[in-house]
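Enquirer: Dropping a structure here in structure tokens format, bear with me for questions.
The values are calculated or read from the model by the stated rules, or taken from the named source; none is laboratory data. Because the structure is predicted, anything quoted here is derived from the model rather than measured. Neighbour counts are summed over all protein chains in view; Cβ atoms, including those assigned to glycine, are modelled from backbone coordinates with ideal geometry.
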Amino acid sequence: MTFQYPSYNALKDAFDGSVDVIGIPCSQFFNQEPGSPTEIMNGLQYVRPGDGFVPNFTLYQKCEINGPNRIDLYKWTLGLCDVAPKPEFSPKGIYMYDGFTSGDIRWNFEKILFDKNGKPFRRYDSAVETDAIIPDIEMLLAQ
């Protein structure tokens, strides 16, 4: 799913400061984000997506977003979200945490759109591409 990174850059550019994008790496999904912040950035720049890619959005340090060590941002956000966009989990053996709940993030690149007041508006499955979210962004910006 790292192919989505360039679309995050494009999204931020397209809305010229009206929309912010943040990324929070997490290795709880089949350990797909191993390594230090430097290793993650080098992987983005030289491997996936590669070709010198550098995010134009904030990429936080790697955190736990599910389970007992879930960071406060996700505790708060997921507490305000209605439902997960995908009800089922992948085979549970590929998750690197315990204590599954129905509100858990299901996979890397799941997206959460916030309104102008900072309240979660909608969660999107990791397979949803950024372009599919644009109508919701435009609607929220028009309000």
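Enquirer: Give Gly79, Gly99 a once-over and let me know the one that is at positive phi and at pLDDT below 95. Reasoning before the result, please.
Expert: Working: Gly79 fails: at positive phi.
None of the others qualify; the one that does is Gly99.
Enquirer: Quick check: anything in the range 72-92 of a type in the set (Ser, Thr, Tyr), within 30 Å of Ala14 (Cα to Cα) and not in a loop (DSSP other than H, G, I, E, B)?
Expert: Taking the range 72-92 as the starting set, the residues that turn out to be of a type in the set (Ser, Thr, Tyr) are 74, 77, 90.
Now drop any that are not within 30 Å of Ala14 (Cα to Cα), which leaves 74, 77.
Remaining after also requiring not in a loop (DSSP other than H, G, I, E, B): 74, 77.
Among the residues of the range 72-92, at least one is of a type in the set (Ser, Thr, Tyr), within 30 Å of Ala14 (Cα to Cα) and not in a loop (DSSP other than H, G, I, E, B), which makes the answer yes.
Enquirer: Is there a residue being exposed (fewer than 12 other Cβ atoms within 10 Å of the Cβ), among the charged types (D, E, K, R), on the phi < 0 side of the Ramachandran plot and in a helix (DSSP H, G or I) anywhere in the range 110-133?
Expert: Taking every residue of the range 110-133 in turn, at least one turns out to be exposed (fewer than 12 other Cβ atoms within 10 Å of the Cβ), among the charged types (D, E, K, R), on the phi < 0 side of the Ramachandran plot and in a helix (DSSP H, G or I).
Enquirer: Now for a different question. Touching a Pro at 6+ places or on another chain (Cβ under 7 Å), surrounded by 11 or more Cβ atoms within 10 Å (Cβ to Cβ) and free of Cβ contacts under 8 Å to residues at least 60 places away in the same chain, is that true of Phe53? Before you say what the answer is, go through the steps one by one.
Expert: Details: touching a Pro at 6+ places or on another chain (Cβ under 7 Å): yes; surrounded by 11 or more Cβ atoms within 10 Å (Cβ to Cβ): yes; free of Cβ contacts under 8 Å to residues at least 60 places away in the same chain: yes.
Judged against the criteria, Phe53 is a match.
Enquirer: Take Tyr74 and tell me if it is hydroxyl-bearing (Ser, Thr, Tyr), in contact (Cβ under 8 Å) with a residue 60 or more places away in the chain, within 16 Å of Glu33 (Cβ to Cβ) and out of contact with any His (no Cβ under 6 Å at 6 or more places or on another chain).
Expert: Working: hydroxyl-bearing (Ser, Thr, Tyr): yes; in contact (Cβ under 8 Å) with a residue 60 or more places away in the chain: no; within 16 Å of Glu33 (Cβ to Cβ): yes; out of contact with any His (no Cβ under 6 Å at 6 or more places or on another chain): yes.
So Tyr74 fails the test.
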